[in-house]
Each structure stands twice: as structure tokens, then as C-alpha cells.
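Asks: Here's a structure for you.
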Amino acid sequence: MKTKIKIKKDEKLGRTFIDFFKLKDKYKKDFRFDVLNTLIKDQQLFVTINTNLCCAVDNSVPMDNIKIIEKYIKDKGYSNIVVPIENTNKKSVFGVMLGAKNKNSSYKLGFILPKNNFDRELYDKLFNIYDMEIGVGLVKDEDETLEDFRKGYFDTLFNNEYLQNNIFVGIMFDKIITDLEVDEDEINNLVKI
């Protein structure tokens with residue numbers, strides 16, 4: 001039987017690419033949750049959301065988005081930090097990109113998700129809406145990791161000085177990239193169609 005997902009291991013990069021763009025839209029949300037739940041298990045996570053990525057589709061204002069996300073994270077009691085970054089989004093008019101960059105500021109939010117806190121509600125509120133990077137297993141303590149993130153010592157979670165393993169979840173491109181070990185049969189069995 002031909003599968004609707006493609007799992008490819010890049011030995012040189014040490015990463016596995018899980019592409020599920022061929023899945024019907026009504027199955028993608030549940031598949032993404034099941035894959036993340038399988039990969040994350042009960043680990044402590046460091047999650048980042050970049051407003052350059054989460055605002056690219058709907059042309060919303062990054063400051064508005066990040067305030068909503070930050071409030072949700074704070075209400076949950078998770079340690080977090082917001083860092084201003086360069087806005088790499090360009091303005092578009094009727095879908096045509098103009099040469100000038102968007103003048104709105106952009107931000108990157110990082111937060112610590114304690115062990116056993118990844119659940120369906122959190123997934124529906126954040127993980128199913130925004131592209132994000134997820135660091136699995138902190139190498140340094142929470143405060144040092146957040147402070148170094150604030151200072152810009154690391155800007156990608158694919159950095160083993162701070163995190164043991166990493167996952168990138170691309171909502172727009174229906175792709176998950178990770179350096180975790182992936183059991184292809186287990187992932188293929190998650191497809192419910």
C-alpha cells in the first residue's frame with residue numbers, strides 16, 4: 001500500500017524529514033499531534049515561536065500575535081522570554097511582494113514546557129497554529145537557557161550546546177524535521193485514513 005507520508009533520513013545532516021503534505025487536510029492536524037506526542041513523550045521542552053513565520057500567511061501584526069501567545073504562556077505559568085528580531089517579511093499587495101520590508105517589529109518567543117505538559121489543549125492553542133522549533137531535553141538549566149536565548153547566544157534550537165535534540169514543525173509546509181531517532185513503522189501506523 002502506498003503511504004501518504006514520506007520519511008527521509010539525511011545521514012549527513014543527522015536529521016529525519018517527515019513530509020505529510022499528501023494527507024488530506026482533515027487528517028493533518030491529528031497526524032501532527034500524534035507524531036509530536038510520539039517524539040516528545042514526557043520530556044521537558046524549550047519551544048520557540050518566530051513571528052516572521054507565524055505572521056507570514058495572514059499578514060497579522062507580529063506585536064499583536066506575540067502578545068496573545070505570551071499571555072497564554074504566562075497564564076499557564078511557563079517561564080518565557082520575548083526577544084525583538086529583524087522583520088524579514090516583505091509587504092505584499094494582492095499577493096505580489098514589494099521590495100520594501102514590513103516596518104513592523106518581529107519577535108521570537110521562547111518558553112520552557114515542563115515534563116508531561118504537552119497535551120491536546122496546548123497543541124490546539126499553539127502547536128497547531130504556528131511554525132515552531134522544539135528543543136527536547138535542556139543541557140543547561142532553565143534560567144541560563146532563557147537568558148542566553150535573550151542575549152542571542154543561540155537563535156536556532158538545532159544547537160546541541162543548549163538542547164539534546166530538536167524538532168521543527170512546519171505548519172505551512174506540512175513537514176516535521178528532527179534529529180531524534182524516528183521509528184518509521186511507528187510513524188506510518190499513526191496515519192488514520
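The values are calculated or read from the model by the stated rules, or taken from the named source; none is laboratory data. Being a predicted model, the structure only gives us computed values, none of them experimental. Neighbour counts run over all protein chains shown; Cβ positions are idealised from the backbone, glycine included.
Asks: Could you say whether any residue in the stretch 30-44 is modelled with pLDDT under 90, over 18 Å from residue 165 (Cβ atoms) and touching a Phe, Trp or Tyr at 6+ places or on another chain (Cβ under 6 Å)?
Replies: no
Asks: In the stretch 128-167, which residue that is among the aromatic types (Phe, Trp, Tyr) and modelled with pLDDT under 85 is nearest to residue 77 (Cα to Cα)?
Replies: 130
Asks: Next question, about the same structure. Quick check: is even one residue across the stretch 111-118 closer than 20 Å to residue 152 by Cβ, modelled with pLDDT of 90 or more and not charged (D, E, K, R)?
Replies: Looking only at the stretch 111-118, we keep the residues that are closer than 20 Å to residue 152 by Cβ, and these are 111-112.
Pick out the ones that are also modelled with pLDDT of 90 or more and you get 111-112.
Keeping just the survivors that are not charged (D, E, K, R) gives 111-112.
Yes, there is a match, as at least one residue in the stretch 111-118 is closer than 20 Å to residue 152 by Cβ, modelled with pLDDT of 90 or more and not charged (D, E, K, R).
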